[in-house]
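Derivation of every value follows stated rules applied to the coordinates shown; laboratory data play no part. Computed from a prediction, not measured in an experiment: that's the story for all the values here. Heads up, the Cβs are rebuilt from the backbone with ideal geometry, glycines too, and the neighbour counts pull from every protein chain shown.
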């Protein structure tokens, strides 16, 4: 587990599936990826996060506030697929319940996850990407002091049509 001033980043539990699915059913939370996903898609995503943690020791972490309430996730995912437009890489990402927006939790959680990944894995860089209209995530990337790398911007289809990714990079300290 990773503890910050206000948050606990922890491995996933079986009882997290419902809250995780609620977060992914919110159209405002999911606007950057074309809208909500189904319960089965949400469950599959959480299965991938749990598997990544078991295999690599890093993943998206469940994020709880100081009262132990699930507020979302933040963490670094290995992306081993050579079929991804960026090739194999590690990606920092976050997603929060709408009730947790505007409190600095994404920056706090992602910062802790980045530090953990660089300290425990032999990584030179970690990539982050978001859609052009996701100004909230772009603001988090700026607060994390990630460097914008326009040369790596890409287009992909994640099942809901063409998606454009703007790329930022965190480099090992």
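Sketch the reach of a paramagnetic label on residue 13 as a point 7 Å from Cα along Cα-to-Cβ, and name the residues of the stretch 111-130 whose backbone nitrogen lies under 11 Å away. Inside the label zone: nothing. For the chain, adding -39500 (n - 2.57) for each run of n ≥ 4 DSSP H residues and dividing by the number of residues yields -9500 deg cm²/dmol at 222 nm. Over the stretch 2-171, Cα pairs under 8 Å with separation of 6+ residues give a relative contact order of 19 percent.
When you count the other C-beta atoms within 10 angstrom of each residue and take the mean per peptide, 44-55, 96-107 line up highest first as 96-107, 44-55.
Here the spin labels are modelled as points 7 Å beyond Cα on the Cα-Cβ line, and at residue 121 and residue 162 they lie 3.1 nm apart.
Between rounded, prolate and oblate, where does the chain land on the alpha carbon gyration tensor, with a ≥ b ≥ c its root eigenvalues, rounded for a/c under 1.5, else prolate if a/b exceeds b/c? Rounded shape, in that the Cα axes give a/c under 1.5.
Where both partners of a DSSP beta bridge lie in the chain, what percent of those bridges are antiparallel, to the nearest 5?
Beta bridges within the chain, antiparallel portion: roughly 95 percent.
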